[in-house]
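Trainee: Please read through the structure below; I'll follow up with questions.
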Amino acid sequence: MVTAVRAGEHEAIYYPEDRLPWPQTVLLGIQHVMAMFGATVLVPLILGFNVNTVLFFSGVATLIFLGWTGGKIPSYLGSSFSFIGSVLAIQGGAGHNQSLAFAGIFVAGALYFLVGLGVHRAGPNVIRFFMPPVVTGTVVAVIGLALANPAWASYSKDLFTATVTVLAAAVASVYLRGFARLLPILIAIVVGYVVALIDPLCGAATSGCHVNFGLVTGAPWVGHPQFSVPQFTARAVSLFWFIPIVLVAENAGHVYAISGLMKRDLSGYLGRAFMGDGIGTMLSGLFGGTGETTYAENIGVMGVTRVFSIPVYVTAAVVAILLGFIPKFGGLVNSVPVSVLGGIELYLFGLIAAIGGKIWVDGRVDFSNRANLATAAIPLILAASGSAVKSGAFEINNLGLGALGAILIYQILRPGMKEA
């Protein structure tokens with residue numbers, strides 16, 4: 001059955017409970033897969049995770065989220081960039097100590113679920129108390145700044161292809177129109193990949209822009225995702241505890257954005273949204289996937305299409321799960337040169353830092369207030385300096401110190417906010 005609510009003379013809005021014909025549903029679902037694809041597969045490329053496994057659990061986590069929220073919040077869940085710094089820290093290098101990384105992802109998901117349970121019982125106002133815009137903006141900016149060194153390490157492998165890639169991403173995001181504008185990362189990867197193929201200096205296997213076709217030709221067409229198991233240590237807690245703070249801010253912003261698009265108040269489902277995301281992240285970390293989060297790219301697609309029908313997102317999840325069973329596809333993704341990844345990392349990690357500033361602007365944070373200024377200033381330097389505190393197996397890296405600093409400093413200075 002197809003139903004729609006008219007919003008003006010020419011625009012139809014399909015709400016979560018509405019249904020479209022199956023051909024349209026399938027095409028719209030594939031479009032959502034394309035929207036999330038570039039960012040979702042970039043995370044496993046940076047971390048050395050199995051791409052097919054990540055895509056598989058992206059679809060599984062989306063189905064869990066849709067079910068846990070009762071089909072009220074249309075969303076797609078993909079790889080979260082909030083985990084990158086902590087995963088790289090516990091790995092000691094991309095692709096190393098994977099079981100330790102999976103444990104950290106599971107721990108973050110479990111903590112996120114508990115936060116969601118608390119919000120579900122206490123109400124959404126508790127989020128505003130502990131994480132006002134000055135805190136959430138600072139925490140997000142901290143993540144971007146803390147990832148600057150890994151981004152440059154990849155970028156510097158080949159300055160030419162990396163520069164072409166980062167410029168392609170920026171140009172695509174500004175000058176393209178329509179659906180193509182939602183895919184700047186994917187477009188930039190393709191451009192950088194092609195440049196690496198035709199650049200004779202990239203032919204040597206030791207170059208940072210070499211395309212390894214052996215990963216493609218050596219992979220079968222049909223297979224299954226590679227499942228792994230976590231290895232729990234104290235570092236899994238000490239390096240990942242703060243990530244739910246970022247996920248809460250991110251997910252809450254996405255829920256409010258969808259509320260605005262649909263003109264429905266979804267704040268009562270915030271706790272369920274956090275719990276659904278937490279369960280998806282736990283399951284992903286338990287078997288070798290990345291941390292999950294709702295995707296702004298797919299919310300952008302919603303804004304363009306005005307389609308919020310839940311079967312569309314179920315279809316997208318099923319398509320992602322099926323992609324997980326095509327190893328040759330994963331081999332193609334893994335053949336992307338390091339320098340091309342560096343160009344994308346420089347762009348994305350910079351965007352993360354800038355989004356923190358956008359949160360300050362949107363929240364009208366008054367930086368003439370000394371309490372707000374201190375809340376932001378100290379954590380930013382902690383993140384940029386590469387600071388870390390270690391005690392045996394327990395470690396809080398620059399990401400954790402920055403996040404913890406923002407929360408504690410704000411609460412300490414809150415009583416003096418009016419005088420500051």
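Trainee: Out of the residues in the stretch 107-162 that are more than 17 Å from Ile245 (Cβ to Cβ) and aromatic (Phe, Trp, Tyr), which is modelled with the highest pLDDT?
Mentor: For the stretch 107-162, the residue satisfying everything is Phe160.
Trainee: What's the number of the only condition in (1) at pLDDT below 90; (2) more than 30 Å from Leu283 (Cβ to Cβ) that Leu215 fails to meet?
Mentor: (2)
Trainee: Enumerate the pairs (first residue in the stretch 164-175 and more than 16 Å from Pro337 (Cβ to Cβ) and at pLDDT below 95; second residue anywhere and among the basic types (Lys, Arg) and part of a helix (DSSP H, G or I)) with beta-carbon separation below 8 Å, excluding pairs fewer than 6 apart on the same chain, so at least 6 apart or on different chains.
Mentor: Filtered contacts from the stretch 164-175: Ala172/Arg181; Ser173/Arg181.
Trainee: Within the stretch 355-376, track down each residue that is surrounded by fewer than 13 Cβ atoms within 10 Å (Cβ to Cβ) and either in a strand (DSSP E or B) or aliphatic (A, V, I, L, M) (or both).
Mentor: Across the stretch 355-376, the qualifying residue is only Val361.
Trainee: Considering only residues of the stretch 82-96 that are in contact (Cβ under 8 Å) with a residue 60 or more places away in the chain and polar (S, T, N, Q), which is surrounded by the most Cβ atoms within 10 Å (Cβ to Cβ)?
Mentor: Ser86
Trainee: Further, regarding this structure: Could you check the stretch 1-56 and list, in sequence order, the residues that are on the phi < 0 side of the Ramachandran plot, at pLDDT 85 or above and assigned to a loop (DSSP other than H, G, I, E, B)?
Mentor: Listed by number, the residues that qualify are Tyr15, Pro16, Glu17, Asp18, Arg19, Leu20, Pro21, Phe49, Asn50.
Trainee: Looking at Ile185, Ile198, which one is free of Cβ contacts under 8 Å to residues at least 12 places away in the same chain and either in contact with a Gly (Cβ under 7 Å, 6 or more places away or on another chain) or within 13 Å of Pro337 (Cβ to Cβ) (or both)?
Mentor: Among Ile185, Ile198, only Ile198 is free of Cβ contacts under 8 Å to residues at least 12 places away in the same chain and either in contact with a Gly (Cβ under 7 Å, 6 or more places away or on another chain) or within 13 Å of Pro337 (Cβ to Cβ) (or both).
Trainee: What's the total number of residues in the stretch 365-387 that are under 13 Å from Ala89 (Cβ atoms) and either touching a residue at least 60 places away in the same chain (Cβ under 8 Å) or under 23 Å from the mean Cα position of the chain (by Cα) (or both)?
Mentor: Residues flagged as under 13 Å from Ala89 (Cβ atoms) and either touching a residue at least 60 places away in the same chain (Cβ under 8 Å) or under 23 Å from the mean Cα position of the chain (by Cα) (or both) within the stretch 365-387 amount to 2.
Yes/no per residue for (1) out of contact with any strand residue (DSSP E or B) (no Cβ under 7 Å at 6 or more places or on another chain); (2) over 20 Å from Phe57 (Cα atoms); (3) not in a helix (DSSP H, G or I):
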site	(1), (2), (3)
Ala252	yes, yes, no
Val255	yes, yes, no
Leu261	yes, yes, no
Leu270	yes, yes, no
Gly276	yes, no, no
Leu283	yes, no, no
Gly289	yes, no, yes
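Trainee: Are there any pairs, at least 6 apart or on different chains, whose C-beta atoms fall under 9 Å, with the first in the stretch 13-32 and under 20 Å from Gly178 (Cβ atoms) and hydroxyl-bearing (Ser, Thr, Tyr) and the second modelled with pLDDT under 90 and assigned to a helix (DSSP H, G or I), and if so, which?
Mentor: That search, which allows pairs on different chains as well, returns Tyr14/Thr305.
Trainee: Is there any pair with a first residue in the stretch 108-125 that is closer than 21 Å to Gly289 by Cα and a second that is outside any helix (DSSP H, G or I) and acidic (Asp, Glu) whose Cβ atoms are under 9 Å apart and which are 6 or more apart or on different chains, and what are they?
Mentor: Listed pairs, sorted by first residue: Gly109/Glu292.
The rows are residues; the columns are (1) crowded, with 20+ Cβ neighbours inside 10 Å; (2) farther than 13 Å from Met36 by Cβ; (3) under 21 Å from the mean Cα position of the chain (by Cα); (4) of a type in the set (D, E, K, R).
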position	(1), (2), (3), (4)
Gly291	yes, yes, yes, no
Tyr295	yes, no, yes, no
Gly303	no, yes, yes, no
Ala316	yes, no, yes, no
Ile326	no, yes, no, no
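Trainee: For the stretch 297-328, which residues satisfy the criterion of being assigned to a helix (DSSP H, G or I) and not aliphatic (A, V, I, L, M)?
Mentor: Once the filter is applied, which keeps residues that are assigned to a helix (DSSP H, G or I) and not aliphatic (A, V, I, L, M), the stretch 297-328 yields Glu297, Asn298, Gly300, Gly303, Thr305, Pro311, Tyr313, Thr315, Pro327, Lys328.
Trainee: Also, quick follow-up: Restricting the search to the stretch 178-216, which residues are part of a helix (DSSP H, G or I) and charged (D, E, K, R)?
Mentor: The answer is Arg181, and nothing else.
The values are calculated or read from the model by the stated rules, or taken from the named source; none is laboratory data. Being a predicted model, the structure only gives us computed values, none of them experimental. Heads up, the Cβs are rebuilt from the backbone with ideal geometry, glycines too, and the neighbour counts pull from every protein chain shown.
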